[in-house]
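Report on one structure; see the data block that follows.
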Amino acid sequence: MIVHYRISSDLRRTAGPGHKTARRGLSAYLGAGLAVCLLAGLLPARLEAAAANRISIRGKDLFLNGINMAWNHWGEDLTRYDSAVFGDMFRNIAAAGGNSVRWWMHCDGQATPSYDAQGRPTGMPEAAFDNLGRMLDLAASHGVMVMPVLWSFDMAKNNRANIITDTAATHSYIRTVLDPMVRRYRGHPGLLAWEICNEPEWMLDDDGSTIQRVTKAQLQRFHGLLAAAIHRADPGALVTTGSASFKWNSPSPAAKGNYYSDQALQAAAGGDPLARLDFYQVHYYSWMRGGGWSYSPWDAGYAYWGLDKPVVIGELPAKGEAGYLDPVQMHVGSVDSGYAGVMSWAYLDNRSDKEGAWAEARPGIAAVHARIPDAIRVPVSGTAIPGRVPGRLLRARRLANPAAFALPGIWGNVEVSSIGGARLAGRVERGIGETVWMGAGSVPPGTYVIRVGGAVGAPAGRRGTAPGSFLWVVPE
């Protein structure tokens with residue numbers, strides 16, 4: 001039984017040392033207990049009742065059907081943003097029936113954020129904040145959502161583990177980077193969720209493989225503090241983290257425990273009730289099964305793992321696994337097994353272990369869309385883009401002429417641009433209580449950004465409107 005549970009709204013990484021360490025650790029959890037439970041069907045009704053196979057975003061229950069970017073330029077996608085690369089990716093994903101992208105932001109912290117002499121974060125360049133907005137705008141224009149991954153375990157390979165172990169550094173990151181970024185883009189139609197860290201367990205002092213190590217308590221405190229800060233800055237935001245395996249993200253007897261439960265994170269963050277994840281995320285690669293044990297999401301479905309929130313399979317090999325499951329079977333199997341999403345690795349084949357790329361991932365994404373099309377489509381028409389200009393945002397009213405629209409309020413300036421930034425020629429006409437923009441020529445189907453300002457007559461506040469930006473979709 002699947003019950004819908006609504007939620008308000010590595011170049012430098014290989015499957016090598018960390019995964020080998022994890023596999024040795026897994027040998028302590030041989031699959032006798034797992035096999036017995038599977039054969040006996042011992043799935044408590046409590047677990048089944050908590051099952052969740054969708055995530056509610058802006059009022060719609062969605063299955064996340066996507067892929068990992070995960071980077072174009074390692075750690076530098078915000079300082080060397082390439083709209084052509086990201087635009088092609090969003091376009092291809094949408095055409096295949098996908099709706100989401102998992103993308104890495106700081107990675108190991110080499111390019112962003114900036115730091116003081118003590119190694120504590122001090123902010124990010126304004127251009128980096130702007131480029132994140134451009135990326136989210138571009139994603140939304142194609143009906144795709146981005147899940148930024150703030151950090152990766154690689155931070156502990158680049159002398160940045162202090163951001164986890166030093167609470168002053170953690171709070172400095174929250175104050176100078178995370179809080180302003182979340183507030184700036186809260187409610188953006190191109191934003192899916194905030195992911196705190198990619199496979200953080202590889203930093204642990206018992207299971208890790210990085211140069212620097214952190215304790216379980218420190219890792220939980222870091223997650224709790226960041227999750228609470230995100231929820232405080234944007235009560236509607238979704239937060240997750242990218243656990244490397246069910247090994248660390250399940251209370252099942254086959255696992256070490258759920259390191260990211262509400263109880264664990266809130267206790268680590270001083271009892272803060274906002275210290276929680278909104279959905280869980282686990283990864284899968286071939287090292288996770290063999291010798292009588294398995295952390296595969298498909299050998300046992302969602303209910304087996306005993307979790308109280310939806311689970312997204314955030315990484316899996318785009319090429320599938322020889323002798324086990326092919327890409328389409330992994331993707332469709334994620335739907336049938338009760339999970340809330342699947343994101344294969346990766347759009348660009350830029351990791352040394354070569355787990356596959358877009359050509360191999362595309363059939364699986366298309367197969368999921370064919371299976372559950374109504375759970376994939378992300379509505380964006382007329383959706384406001386927050387943070388671009390201060391103030392309450394407006395919505396356009398389409399007119400019979402596809403190259404024209406009307407706005408509430410009397411405006412002096414109306415600028416219409418393509419999602420790539422090219423401004424469209426047009427003129428402004430003012431009516432009774434509204435402003436009409438008329439395109440000078442034909443406006444092809446697509447998504448455009450409208451920016452308004454310079455209210456005429458009564459102050460904007462008295463008219464119930466203020467300068468803002470939003471998406472205007474010209475239909476096919």
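The values are calculated or read from the model by the stated rules, or taken from the named source; none is laboratory data. Keep in mind it's a predicted model, so treat the numbers as computed, not measured. Reconstructed Cβ throughout: ideal geometry from the backbone, glycine too, with neighbour counts over all protein chains shown.
Filtering region 259-290 to residues that are more than 21 Å from residue 340 (Cβ to Cβ) and touching a Leu at 6+ places or on another chain (Cβ under 7 Å) leaves 269, 275.
Residue 420 passes every criterion in (1) modelled with pLDDT under 75; (2) of a type in the set (Gly, Ala, Ser); (3) outside any loop (DSSP other than H, G, I, E, B) apart from (3).
Output the residue which, of all residues in region 357-377 that are part of a loop (DSSP other than H, G, I, E, B) and crowded, with 19+ Cβ neighbours inside 10 Å, is nearest to the chain's Cα centre (by Cα). Steps first, answer last, please.
At the first step, the residues of region 357-377 found to be part of a loop (DSSP other than H, G, I, E, B) are 357, 372, 376-377.
Imposing the further condition that a residue be crowded, with 19+ Cβ neighbours inside 10 Å reduces the set to 357, 376.
Values: 357: 19, 376: 15 Å.
So, considering only residues that are part of a loop (DSSP other than H, G, I, E, B) and crowded, with 19+ Cβ neighbours inside 10 Å, the one nearest to the chain's Cα centre (by Cα) is 376.
Just so you know, in region 55-68 the residues that are surrounded by 24 or more Cβ atoms within 10 Å (Cβ to Cβ) and of a type in the set (A, V, I, L, M, F, W, C) include one that is nearest to residue 149 (Cα to Cα), and it is 67.
Restricting to region 107-130, name every residue that is buried (at least 17 other Cβ atoms within 10 Å of the Cβ) and not in a strand (DSSP E or B).
Taking region 107-130 and keeping what is buried (at least 17 other Cβ atoms within 10 Å of the Cβ), we get 107-109, 111-113, 115, 120-121, 123-124, 128-129.
107, 108, 109, 111, 112, 113, 120, 124, 128, 129, listed by residue number.
The conditions of being more than 30 Å from residue 355 (Cβ to Cβ) and assigned by TED's automatic domain parsing to the domain that holds residue 59 are not met by residue 306. Note on region 270-304: residues that are touching a Pro at 6+ places or on another chain (Cβ under 9 Å) and farther than 18 Å from residue 325 by Cβ amount to 5.
The set of residues in region 80-106 being in contact with a helix residue (DSSP H, G or I) (Cβ under 6 Å, 6 or more places away or on another chain) and either part of a loop (DSSP other than H, G, I, E, B) or in the same structural domain as residue 418 (by TED's automatic domain parsing) (or both) consists of 81, 97, 98. Just one of (1) crowded, with 21+ Cβ neighbours inside 10 Å; (2) over 20 Å from the mean Cα position of the chain (by Cα); (3) among the polar types (S, T, N, Q) fails for residue 281. It is (2).
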